[in-house]
Every structure is written in structure tokens, then in C-alpha cells.
Amino acid sequence: DFNERCAQCSEVNWGLTDGDRFYCRSCHNVTERTREIVNADFASNARVQTVSRGLSKKEKNDEGCEWYVCEGFQLVLKKQAEALETLGVCPQMKDEVLCNFWRHYLQKTKQAYCNRPVGEPIKALSVCDSSTDVDSDPGRPSLLHLLSLSESEGDLQTDCSFASSTSRISESTSVCSGSVDGSLYLLKNQKDKLRMTMPMTLSFCYMALLWLREPMTLADLLRFVVEGHIPYLNVFQLFPEKMKLCGLDLKIFCVESWPLYEEVYSKMLELAAFLDLPRFPDITENCFLHPDMLCMKYLMEANLPDELHTWTCRVVKKTCIGEADFLTLVPGNKSTRKVKYDVLAVAVIVVVLKLLFLLDDHYEWLLSDFAEEQNKNNKEGGPYFEFKKWYEVIKCSLDVKQNKLDEERAKYLWRCEMPLFYSAKNKSRVFKRRQMVVNLQNQFGKLSGSVQPAEKPSPSSFQLTWSEENTDGSCFHRHSLKGILQEKCGLLTAMNPDYWLCTVKLCTEKSCGHLAHYKEVNFPQSYHFVLRLFSFLLRIQPSYIHDEVCVIEHKLFNKKLCKKPKYNTVIRK
Amino acid sequence: SSQEHKLNFKKSKEVCLRYIQDAMLQKQWKRAAEFLSFYVESLEKDFSREYVNPSEIIWRVGTEILCHCSNGSMREFNSFIEQMKTFGVKRYLKVCLEHAFHLLCNGLIDDAYQNLSLAESWRYGEQTAIQDKEMKLIQAYRGLLDYYSWSKQKNILLEHGLDGFENLSVEQEMHSCFRKAAVNLKEIIKIPGVWDLFVKCYVDLLEFYGDHNEAHQVLTEYAYNSKFPANPNAHVYLYQFLKRHGESKKSLISVLKILHDLVPSHELMIDFNTMLQKSKKRKRCRLGLEVIFAVLDYAGWKENVKAWSCLARQVKQIAIAEKHLDWIKQEWNSRKDWWPAFHFTHYLAKRDWKESESLSYEKALVAGILLGKDCKYFKYVSHQSCKAQVKRFRILKKFVNKHNPVYLRIS
């Protein structure tokens, strides 16, 4: 890698010209330095066919241009970054951070910025090539096999004609994909390289957001994607006219499922390690992603008293999870457990609730009754927080929102106006179907008397909002915890002396992928309710939060756990 | 479940379908239509491997919703069905057939006829052979509609007589309908199945044109061919035919015997019993008794005066003749444990007396003979009748008293 500073502008931002010379991208200063061509892979890779000049000159019949898969992804990332900018993320993210991450990635995966000249097209391997090379490599799946593993086999197997064709290589590439290297892309042996996928675009975005410590958690990001604020589904609609998508491109760029938190997160970690990134900028106390800040946010959203914040801070301090070293991402460091900031924050809140209310389906209600009694006599000052009232309000809202969400999920429209087809043969059939679908949608839409598709909800960090102005007392932010605390030695402590651990022993992630195993029936309903609330806000499974809760508990009660285990798992604080 | 955060296309459509089903079960048609409009895009991703694929679901659900929701707009319905036809080649004839049914249900007979004719001329490679059954049904129903036309024209002719030139064209048309109908109806009833309607119509045609042999043949086949499912109606049709043509008692009885075996509670059993009672042959009388007892085993006949009068008559005859008491004994043997509670309770006595004197009379006679004069039923009725001073009951009482020993002998 060439890391010298440019003579003209002092930047380190190099590219390669066609003549293999380095040039500075910032000021376009061309140097005399050239790259030596040393690539053992290239020379020994006998399977790479010689490039046919004819291919690059060949014009697509429908006036498309040649494009590579990575160009497509680049466009996707650009659009996503633009959308994030609209949402309030700083422009640096797009212009600097994400850009550089991406270029670095391309270089590392030898798709660009490396010694294989960018201008020459890569030849796709032909399935109908009579050479035995394709079959002789056990590690490389055949194209057909790869395709049969896909979900979309219904159309592809019937419509992709290459299986029986004995056409020339150049013809088969145009049938297989609109992009030049679509088929090769899917065939590559993926053991040591991170092949780009649509979910990975979100990993890139999140990585950039994290680098800049932007106030957007991964849960937020994924929610914005699902709500349509960030291009993801049918993102190819944003491709320029000339970039034609067909055949195998569909497998690459069309998504048929929403990305999972775990998936995006773990890919991000892989990516960060792969790119040899250094330690990320420190997450300090005034960062949005710091548990103190995030806890505040989630407490507000969960309509819990502000006073609980002192307790969350105490837990954070005691377990040392507020330390910059703990929170900051160090890629490649396998020994430290990676932090999911949003999950961590809600887990802390859950632990605090357990500390104060026990949540054993018994004590919290007693405590609530007690607070209610006190509230009768408490006329001056704010009301005392009653768990029961809070539960009723939250349950009501949560059920309504959950039902609404479930209905919305049932009504997702995955297809868009732009029809996709695997081959030219398939085109008319696809158009016909699209027409029929549109007709039916109109017909039944009219019958239902419903309004046309609901507007996208305007993006907001908060899904639940509670207003002080409501006179019905449904906002609990200002409520006081005095009703459930007692004074001891001048300090306010919880009345509850007990605590139950979610699990006595943590599992190892290596063996089963989880630290704990959550089954609703094994735990109190109040606990499940609280998990359900945060699970809704974060759009993740309750078990993920449960895992995190277990970890925090074990940190918190570390000393007590190291002692001889007691008969029951109830711990006296 | 609401906890499911993993969502892909397939699952999303499954969930959508469940909402549609829920709405339909609760008859919320507008809501069902709404969700269906979101479901239809699964056509673009038709997993034809599955047993019931999206296009079939959309067809069936859509039909149901339109039936309930479209405010009777046939045009909307028709346009929907036409789309469904173009989409599912494997189902084409079935859709056509059901469309025709729908049109018929809405009284659009001519439209239905056109549809069926169009469907009949459909050819699609090997699909035509695969959908052979549906094709036969389509032809059969078209034949049925031809019969319907024939029938209308026949009635016109019968009303206005056969003279006049305008009637000639009607007549010619009538004959042509007959030919068309006959060809198709004959074909379908060759296939084992339940074709009551087709058989009846076909036989009607044959009878009108005087081909009684063929008619007889058809009905016999329909009733006796073991390949066909057991169908009581087949025997009823055959019986009615034979009766119409004055066939011998023997043949009538043999047909009804089978009907008795199949459906002991059939309404024709009353006629059957009457026929058998009249006979001089001992076996037939015996059978008659068996038949009428069997009829009254069924709750539907409990309050039927005619049935009871048949039984009463036979029982009376036997009591008077003092012959064949063993017949009664045999029949009563399997019934004595439950008939008293079924027919002859005190409560029923009261109710029957209130409802119908004739019913009480007949039942009382039977009760008196089978259970003796001291049974609850008889006692109540005779007591009531005594109060009411109804003459025939006095005679009845005497009769039962006289033949009381019968009860002793048969119990």
C-alpha cells in the first residue's frame, strides 16, 4: 500500500490510473510511482480464462451499460448514506467515513484499487464449459447447485436457460446477469473473503455511525430501514436506467427478508476485523451511546420515573460497564465481549426494576398497594410511583402498538413497480403477472373502502411518547420513587431486600451461541412483561435482552456468586 | 405470534393470509378484502411446489369476498373470474365450472350456458387430457342446460298444441336440444358417481321420446352397478319408473326391499308396508311387519299417524287371527327394552292426546297389545278417552282387554 503524503495536497488518498500509476484523488496529481505487479494468486490461478476483448466492446441490446456488482453496492451505500444524512447524521459520514471504509474493503477484497486493472472486465465462468475445472474443485459449488439453494428457485430454474444451452461464454453472461460479474460473484469461494451482501450494507452503515459516535443505535437504524426511511428493499429502483438488473443480479440485490439485528451486528464485527481497523473512537460519558445516556432515553420511552436514572447510573458504575475501555470497539480483539449499546442499556433498566420491585409476580404488587396507600395522604409534591398504574397504562399502549405493528407486517408490500425478471424469455410473463397483481390490488382495495397505502410514519427516535400535559395521569416521568424507598443511614435504599438471579450459571457462547436460555414459562410474568416492552422497542427477541440481563447480574453480584452457592437463588443484598 | 421479529416474504404472506382467514370467519368482508389486496403480490412469487398455492387461494378467497362484498355486481365478479382463468392453466376448467355455478345461482342461465360452451371448446396440450374429469362435468352441465331449454320448449308446445308454423320451429329446436342434452347426459352417467339430477333428466327425455327400454336400462345400471356408490335415490327413481309403467308387484317389491335395507326410515316404506300387507303371501306379510317396525325406530316418524296406523293394523290383524304371534315376538324382542321409553311414556301419552286424537288411538292400540292394558300409555289414553267419551276408544278398550293375553305371550 502506498501511504506517502501527496506532494501537492498532503492527503493520503491514492488511486491507480490505467497505466498503473498512482494518482492523488483529492487533487488529481499523478505521480511517477507505479505498482509492481506481484500477485502470486493471479499467476497460479490457471482457471482464470483469458479476457476476451470482444466482451468489453459488446453492447447490450437494450442499451444498458456494463457494470460490476461492487458498483451496484457502492450505489446502494451512497443512497443509504444520503438517507441517513436526511435523518440528521452528519455529512462526514457519507463523504469521509463510509467512503473510506468502502474503498478499503474493495482494496482488501481485490475488487478494485489493486493490481488487476479496473478497466478490464472479469470473465464469468461458464457452466457449459466442457473443461473439468469447475467440477474438479470440491470447494467451489456449481452454479446450478448454488441456484437450487435459493428461495427463488421457482422462477429461476424454469427460466434460466443456461442449463441446457451450449452457447458461447459471452452469451451466457448476458443471460445470467445484467452485471458483468454477477455469476462469478456468487460462485466465489467465500471462506476467506467477506462477500458483500445487502445486509452487509447496513453493517457498513452502522460501522460508520459507530465510528462517528452518531446518536443512532443499531436498533434505530434497522427500524428506520423497515419503516422505509433508508433504502434497502427494492433499492435497485434507485439504480440509473443504464444499469440493467436481471438474472443472478436479483439474487444479489433483491431482498426477501428484513435484516436481523444479530446478523448485521456480527457481520459488522467481522468487517471491522477484516479491514484491520484500529480502536474506534472512545465512547465516553457524554456520548449518546453511553449507557447513562441511553438509559435516560429508554426510561423516558418506557414511561418510567426520571428518578430511576440515578439507579441505572449506580448499576453502571458498580459493574464498570461505563468505562470507555469496556464500551469502545476494538476490532479483532477476540477476548473482549462486544457491546450492543441498546441492548445493554435496556438490560440495565431491567436489572434496576428487579432491584427495586423484585418482579416475582408478588412483591411488586404489594409495593404498589403500599405506594397507593401513601399516595392518599400525599397531597403536596408529586405523586408516588405505583407499579400497578404504570403496568396498566403501558400494557394498554403496548398491546395497541403491537397489534398495529402485527397488522402492518401482514400488509407489507415487497414488490415494487419495477418488474424483475431472470431472462428476456421471462419478461413478458413477469409483466403480465405484475399487471394482474395491480388489477387485483385495485379491485380489492376499492372493495375494502380503505385509503390508499398509509403514509410512511415520519422518522422518530421515539416510538412511544408520553406527555406531561396529559391530565389523566398517564405520564410517569415526574413520579417519585419515595413510595417504594426507605431511609437508611440518611440514604434512600430499596425496601426490597431480595433479588433473584435469572440464571445461576452463564452458558458459554461458544458452545450454544447464547449465555442463557429464555423460556417464558420459567419466569415471572412481570419479568416477561418488562422484557416484552423493551423487545418491542428494540424489535429484537426477548431472549437477547435476557442474555444481557444475566451478564449484568453476574457482574453485579460477582462477589456473592463466588462464595459457596446457596440453596436457593434468592440473594440478599 | 407477535414476538416474531424475523420476517421474510413467505412468512409475511402467511401472516397476511391468517388475517384474511380471521376476517372471513368473522364475516368482516371489507377487512378481508383489504388484507387480500396486500396478499395478491404473492402471485409474483408463486411457489407452485406447495399443495395449495397462492393463485388458488386468491381465487377461492376472492370469490368468497366478492360474493359477500360486491353489492351484487356481477360485472366485478366476472372480471375477477376472467383474470383467475387466465392465470391458472391447471385449474382453468374448474374455475369455469364454478363460474358457471355462480351464474346459475344468480339466475343468469344464458351466461352460464355461454361460459360452459366456451369452456368446452378449450384445448391446451396435455392439460386437456389431465383435466378430463372437469371437462366431462362441463359437458354434463351444459347438457343439463340443454335439457332445461328442451323442457321449456316442450311446455310451450304442450300449452299451445302442435299446430301452426311457429310451433314447428319450436319443435325443431326442441328436438335439437334433446339431442345435445342426451349425448352429454348419457356420457356422464357412465362414470361411477352420484348423478341424481342428470339421471332424472335423462330418463325424462327418454320417456318422452318413448325409449322406455333405454330408460329402464339406465336406471337399473344406476341402482345396481356395484361400481357406483350406494345411493338410495337410485332405487327410488327406479321404483317410481317401474310404478309409472305398471310393472309387476314382484319387481316393485324387490326394488323397495333394497331401499329398505339402505334406508329403513325412507318415506316410501309406508307404501311398501301397505303393499306388503295386502299381499297374500306369508313372507311378504312378514316383511311388511319388519319394515314398519323399522320405520318407527326412527325419531322422525314418532308422531306420524300413518306409520302408526300401519303398524296398528297389522298388529290388530295378527291378534285377531291369533296366528303368527311369533312374528310380533321376534320384532318386539329387540325393541322391548327401549321402545317403552321411546314411544310410550306417560309424558308422551299426555302430549299425544293433546296433539292428535288419531295418533293417540293408533299408538294406544299398539301399546295395549305389546305392553298390555296396564301400561302407562294405554291407561292414560283410555282414562282420558273415557272422560271425553269418545266412542272408538271404548271399542279399542274392549279389544285390548280381550287380547291381553297376547302381551303375555310375546313378552
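The values are calculated or read from the model by the stated rules, or taken from the named source; none is laboratory data. Model, not experiment: these values are computed from the prediction. Please note: Cβ atoms are built from the backbone with ideal geometry, for glycine as well, and neighbour counts cover all protein chains shown. Ligands, DNA and RNA are excluded from the accessible area calculation, which covers all protein heavy atoms including side chains. Shrake-Rupley method; radii C 1.70, N 1.55, O 1.52, S 1.80 Å.
Of these, B:SER279, B:SER251, B:SER226, which one is of a type in the set (S, T, N, Q) and closer than 26 Å to B:ILE318 by Cβ?
Working: B:SER251 fails: closer than 26 Å to B:ILE318 by Cβ; B:SER226 fails: closer than 26 Å to B:ILE318 by Cβ.
So the residue among B:SER279, B:SER251, B:SER226 that is of a type in the set (S, T, N, Q) and closer than 26 Å to B:ILE318 by Cβ is B:SER279.
Take A:THR284 and tell me if it is open to solvent by 60 Å² or more (accessible area, probe 1.4 Å) and outside the structural domain of A:TRP102 (by the TED database).
No, not satisfied.
Only one residue in A:LEU277, A:LEU269 is of a type in the set (A, V, I, L, M, F, W, C), over 23 Å from A:PHE534 (Cα atoms), at pLDDT 90 or above and under 14 Å from the mean Cα position of the chain (by Cα), so which one is that?
Values: A:LEU277 fails: under 14 Å from the mean Cα position of the chain (by Cα).
Only one candidate qualifies: A:LEU269.
Only residues that are in contact (Cβ under 8 Å) with a residue 40 or more places away in the chain, assigned to a helix (DSSP H, G or I) and within 14 Å of chain B (Cβ to nearest Cβ): list them for segment A:536-562, please.
Within segment A:536-562, A:PHE536, A:LEU537, A:LEU538, A:TYR544, A:ILE545, A:HIS546 qualify.
Inspect all residues belonging to segment A:335-342 and state whether any of them is open to solvent by 10 Å² or more (accessible area, probe 1.4 Å), of a type in the set (S, T, N, Q) and outside the structural domain of A:SER266 (by the TED database).
For segment A:335-342, residues open to solvent by 10 Å² or more (accessible area, probe 1.4 Å), of a type in the set (S, T, N, Q) and outside the structural domain of A:SER266 (by the TED database): present.
Among the listed residues A:TYR518, A:TYR499, identify the single one that is in contact (Cβ under 8 Å) with a residue 60 or more places away in the chain and either more than 19 Å from A:GLN374 (Cβ to Cβ) or among the acidic types (Asp, Glu) (or both). Spell out how you get there, then give the answer.
Details: A:TYR518 fails: in contact (Cβ under 8 Å) with a residue 60 or more places away in the chain.
From the options A:TYR518, A:TYR499, the qualifying one is A:TYR499.
Taking the criterion of being farther than 29 Å from B:SER12 by Cα, surrounded by fewer than 19 Cβ atoms within 10 Å (Cβ to Cβ) and in contact with a helix residue (DSSP H, G or I) (Cβ under 7 Å, 6 or more places away or on another chain), would at least one residue in segment A:247-270 satisfy it?
No, segment A:247-270 contains no residue that is farther than 29 Å from B:SER12 by Cα, surrounded by fewer than 19 Cβ atoms within 10 Å (Cβ to Cβ) and in contact with a helix residue (DSSP H, G or I) (Cβ under 7 Å, 6 or more places away or on another chain).
List the pairs whose first member sits in segment B:255-272 and is of a type in the set (Ser, Thr, Tyr), whose second member is open to solvent by 10 Å² or more (accessible area, probe 1.4 Å) and part of a loop (DSSP other than H, G, I, E, B), and whose Cβ atoms are under 8 Å apart, counting only residues at least 6 apart or on separate chains?
B:SER265/B:ASP297; B:SER265/B:TYR298
For A:TYR527, all conditions in the list (1) more than 14 Å from chain B (Cβ to nearest Cβ); (2) open to solvent by 30 Å² or more (accessible area, probe 1.4 Å) hold save one; what is the number of the exception?
(2) is the only condition that A:TYR527 fails.
Are any residues in segment A:287-303 open to solvent by 30 Å² or more (accessible area, probe 1.4 Å) and in contact with a His (Cβ under 7 Å, 6 or more places away or on another chain), and if so, which ones? So that I can check it myself, show each step before the final result.
The first filter runs over segment A:287-303 and keeps only residues open to solvent by 30 Å² or more (accessible area, probe 1.4 Å), leaving A:288, A:292-293, A:296, A:300.
Of everything in segment A:287-303, those that are open to solvent by 30 Å² or more (accessible area, probe 1.4 Å) and in contact with a His (Cβ under 7 Å, 6 or more places away or on another chain) turn out to be A:MET296, A:MET300.
Yes/no matrix, rows are residues, columns are (1) over 23 Å from B:TYR380 (Cβ atoms); (2) more than 30 Å from the chain's Cα centre (by Cα); (3) part of a helix (DSSP H, G or I); (4) modelled with pLDDT under 95:
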position: B:SER251; (1), (2), (3), (4): yes, no, yes, yes
position: B:LYS280; (1), (2), (3), (4): yes, yes, no, yes
position: B:CYS285; (1), (2), (3), (4): yes, no, yes, yes
position: B:ALA319; (1), (2), (3), (4): no, yes, yes, yes
position: B:TRP327; (1), (2), (3), (4): yes, yes, yes, yes
position: B:ASP337; (1), (2), (3), (4): no, yes, no, yes
position: B:PHE342; (1), (2), (3), (4): no, no, yes, no
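What number of residues within segment A:417-441 satisfy the criterion of being in a loop (DSSP other than H, G, I, E, B) and either within 10 Å of chain B (Cβ to nearest Cβ) or more than 34 Å from the chain's Cα centre (by Cα) (or both)?
Initial filter on segment A:417-441 (in a loop (DSSP other than H, G, I, E, B)): A:417-423.
Subset that is either within 10 Å of chain B (Cβ to nearest Cβ) or more than 34 Å from the chain's Cα centre (by Cα) (or both): A:419-420.
Residues that pass the stated criteria total 2.
Looking only at segment A:497-524, which residues are in a loop (DSSP other than H, G, I, E, B), open to solvent by 50 Å² or more (accessible area, probe 1.4 Å) and more than 14 Å from every other protein chain (Cβ to nearest Cβ)?
Kept after step one, since they are in a loop (DSSP other than H, G, I, E, B), are these residues of segment A:497-524: A:497, A:501-508, A:513-519, A:523-524.
Imposing the further condition that a residue be open to solvent by 50 Å² or more (accessible area, probe 1.4 Å) reduces the set to A:497, A:504-506, A:508, A:514, A:517, A:519.
Answer for segment A:497-524, where residues must be in a loop (DSSP other than H, G, I, E, B), open to solvent by 50 Å² or more (accessible area, probe 1.4 Å) and more than 14 Å from every other protein chain (Cβ to nearest Cβ): A:PRO497, A:VAL504, A:LYS505, A:LEU506, A:THR508, A:HIS514, A:HIS517.
Step by step: first the residues of segment A:307-339, then only those that are within 18 Å of A:VAL530 (Cβ to Cβ) and not β-branched (Val, Ile, Thr), then the one that is farthest from the chain's Cα centre (by Cα). Which residue is that?
The selected residue is A:GLU307.
Looking only at segment B:193-217, which residues are closer than 17 Å to B:ARG179 by Cβ, in contact with a helix residue (DSSP H, G or I) (Cβ under 6 Å, 6 or more places away or on another chain) and hydrophobic (A, V, I, L, M, F, W, C)?
B:PHE198, B:CYS201, B:VAL203, B:LEU205, B:LEU206, B:ALA215
It is to be established whether one or more residues within segment A:402-413 are basic (Lys, Arg), within 14 Å of another protein chain (Cβ to nearest Cβ), part of a helix (DSSP H, G or I) and in contact (Cβ under 8 Å) with a residue 40 or more places away in the chain. It would help to see each step written out before you state the result.
Going through segment A:402-413, the residues basic (Lys, Arg) turn out to be A:404, A:409, A:411.
Cutting the leftovers down to within 14 Å of another protein chain (Cβ to nearest Cβ) gives us A:404, A:409, A:411.
Filter again for part of a helix (DSSP H, G or I), leaving A:404, A:409.
Filter again for in contact (Cβ under 8 Å) with a residue 40 or more places away in the chain, leaving none.
Checked against the condition, which is being basic (Lys, Arg), within 14 Å of another protein chain (Cβ to nearest Cβ), part of a helix (DSSP H, G or I) and in contact (Cβ under 8 Å) with a residue 40 or more places away in the chain, segment A:402-413 yields no hits at all.
Look through segment B:40-86, keep the residues that are facing another protein chain (nearest Cβ under 9 Å) and more than 23 Å from B:ARG18 (Cβ to Cβ), and return whichever of them is modelled with the lowest pLDDT.
B:SER70
Hey, B:ALA112 hits all of (1) small (Gly, Ala, Ser); (2) surrounded by fewer than 15 Cβ atoms within 10 Å (Cβ to Cβ); (3) within 23 Å of B:VAL194 (Cβ to Cβ) but one; which does it fall short on?
Only one criterion in (1) small (Gly, Ala, Ser); (2) surrounded by fewer than 15 Cβ atoms within 10 Å (Cβ to Cβ); (3) within 23 Å of B:VAL194 (Cβ to Cβ) is unmet by B:ALA112, namely (2).
Name the residue that is farthest from the other protein chains (Cβ to nearest Cβ), counting only residues in segment A:224-246 that are open to solvent by 10 Å² or more (accessible area, probe 1.4 Å) and part of a helix (DSSP H, G or I). Working first, answer last.
Our first condition is that a residue be open to solvent by 10 Å² or more (accessible area, probe 1.4 Å); within segment A:224-246, this holds for A:224, A:226-229, A:231, A:233-234, A:237-246.
Within this subset, residues satisfying the condition of being part of a helix (DSSP H, G or I) are A:224, A:226, A:237-238.
Values: A:PHE224: 15, A:VAL226: 8, A:GLN237: 15, A:LEU238: 20 Å.
Per the stated criteria, the residue is A:LEU238.
In segment A:396-424, which residue that is open to solvent by less than 70 Å² (accessible area, probe 1.4 Å) and basic (Lys, Arg) is farthest from A:LYS354 (Cα to Cα)?
Filtering segment A:396-424 for residues that are open to solvent by less than 70 Å² (accessible area, probe 1.4 Å) and basic (Lys, Arg), the one farthest from A:LYS354 (Cα to Cα) comes out as A:ARG415.
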